[in-house]
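Reviewing the structure listed below.
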Amino acid sequence: MSKTREILVLRDVLIPGGRIADITIEDGLVRHIGSALRADLEINCRGKTVLPAGTDLHVHMRDGSQKEKETWESGTRSAVAGGVTAVVDQPNTVPPLITPGRVKDRVKLAANQSFARFAINGGVTGDADLKGMWQAGVFAFGETFAGPSSYGETVSSDVLSSSMREISKLGGLMTIHAEQVTQGQDCLLTDHDDLRPVAGEVKVIKDVLDLNRSNGRCDLYFCHLSSADAVRAIPGSTAIREVTPHHLFLSYETFNPDDAYGKVNPPLRSESVRRELFSCWEMIDVIGSDHAPHTREEKDQEFINAPSGIPGVETMIPLLMALAKEKKIGITDIITKTSTAPSDILGIRRAGFLKGDRADFAIYPDELTVVLTDNLHSNAGWSPYEGMRAVFPVQTILGGEVIFDNGEFFRPEFTDNTSGTGLWIPGRGYSL
């Protein structure tokens, strides 16, 4: 299939609200909703579900010295095969992204490989050049580690306070990894849960909120909240609440007790805690994958030595689509939590069904399938969701281009990015 088309028409799209209409796409944007008169390429969407493509605000694309885990090419192929066309990369790379030069190098690395739009976050450490990275185009600052994790060191309260003040002056967003870690033997999934408890997660959230009140009140985004208590600890609109699919779909009871394939930070909780988290569905602002791939060789080590993290960008929306098909959640909620809200936070034009919307879509078939590692595209080569019900897209569209079509990938040639930065989405502080 040719990649670049002048006018693309999606025929017979069922739009939220019940209307069936054609969507005419030109120059990367939705130009008309209604009967289309002319098209260079048509896609018949009757009997399928068309969603605005996802924006995943939390991925770790690895690459560089960690390319055996993931590269920008493999990671963004995985994203678009899962209906995600924009991703935000985290800064706990090797070496960490704490200088403008490293940020610029990361952007170049991604630009040469990516199949999706992308943004880059800058790291928060005692020696990070926050202003320089802001001007170099980072979207946000963090994950800021209030507890240690794989490739992430804990930030002291002094560094956290001074960083909050500077980020507030810049008008930036700080993202928080909220954990409190206690000492002990970490040999089982239940140990991991005990050593990184829900109570500690909640305490850190409250401490960070208190600290921020007296240090500039920068905008806050709490990553991968793992419990209902954590979600409820963030009142009203004081900060953004992100929850991952693995905390919604998996518990430590899903795995054998010493199975490191379930090791992640924050930990998988008990089945009862998982169910209670799902009861807070309406309070969750964003679903982010926290796509953090490691190789099988690394995960096959003894539990205490294995790294934390799991792949998930490709399965995030398909798992939610299965729940929607089973009438457990609504399609509108999926759109809001994986596309509309993340796009607004990222500061990009929304993908959607209105004239002028970004023409990024994923087209899903009517039938349920299951997650099979052999069908996924991450370098990790495994998935904790193996065998779980899902609905994967058959086609993904970015800026009016078909970039994924029934297992075949096409590098995007066109975007509607008027800044001339291609697929890269620079942050608000970017200056040439």
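The values are calculated or read from the model by the stated rules, or taken from the named source; none is laboratory data. In this text, all values refer to a predicted model and were calculated from it rather than measured experimentally. Using ideal geometry, Cβ is built from the backbone for each residue, glycine included, and neighbour counts are taken over all protein chains shown.
Observations, loosely collected:
- Residue selected from segment 396-415 under the condition of a type in the set (Val, Ile, Thr) and at pLDDT 95 or above, by the criterion nearest to Ile348 (Cα to Cα): Ile397
- When Glu408, Glu386, Glu413 are screened for being within 23 Å of Thr49 (Cα to Cα) and among the charged types (D, E, K, R), only Glu408 passes.
- Selection status of Thr71, out of contact with any Phe, Trp or Tyr (no Cβ under 9 Å at 6 or more places or on another chain) and buried (at least 22 other Cβ atoms within 10 Å of the Cβ): no
- Selection of segment 24-68 for residues being surrounded by 21 or more Cβ atoms within 10 Å (Cβ to Cβ), more than 30 Å from Asp105 (Cβ to Cβ) and touching a Gly at 6+ places or on another chain (Cβ under 9 Å) yields Thr24, Ile25, Val30, Leu51, Pro52.
- Screening Cys187 on (1) more than 26 Å from the chain's Cα centre (by Cα); (2) more than 30 Å from Phe303 (Cβ to Cβ) shows it passes everything except condition (2).
- Qualifying residue in segment 216-236 (condition: more than 20 Å from the chain's Cα centre (by Cα), of a type in the set (Lys, Arg) and in a helix (DSSP H, G or I)): yes
- Lys327 passes every criterion in (1) within 21 Å of the chain's Cα centre (by Cα); (2) of a type in the set (D, E, K, R); (3) surrounded by fewer than 22 Cβ atoms within 10 Å (Cβ to Cβ) apart from (1).
- Arg165 passes every criterion in (1) farther than 24 Å from His294 by Cβ; (2) part of a strand (DSSP E or B); (3) not polar (S, T, N, Q) apart from (2).
- Out of Asp127, Asp105, Asp158, sole residue that is part of a helix (DSSP H, G or I) and more than 21 Å from Arg62 (Cβ to Cβ): Asp158
- Look at segment 398-413: where a residue is among the polar types (S, T, N, Q) and a partner is modelled with pLDDT of 95 or more, sitting 6+ places away or on another chain with Cβ atoms under 8 Å, you get Asn406/Val394; Asn406/Gln395.
- Against the list (1) closer than 18 Å to Glu386 by Cβ; (2) surrounded by fewer than 22 Cβ atoms within 10 Å (Cβ to Cβ), the condition Val313 fails is (2).
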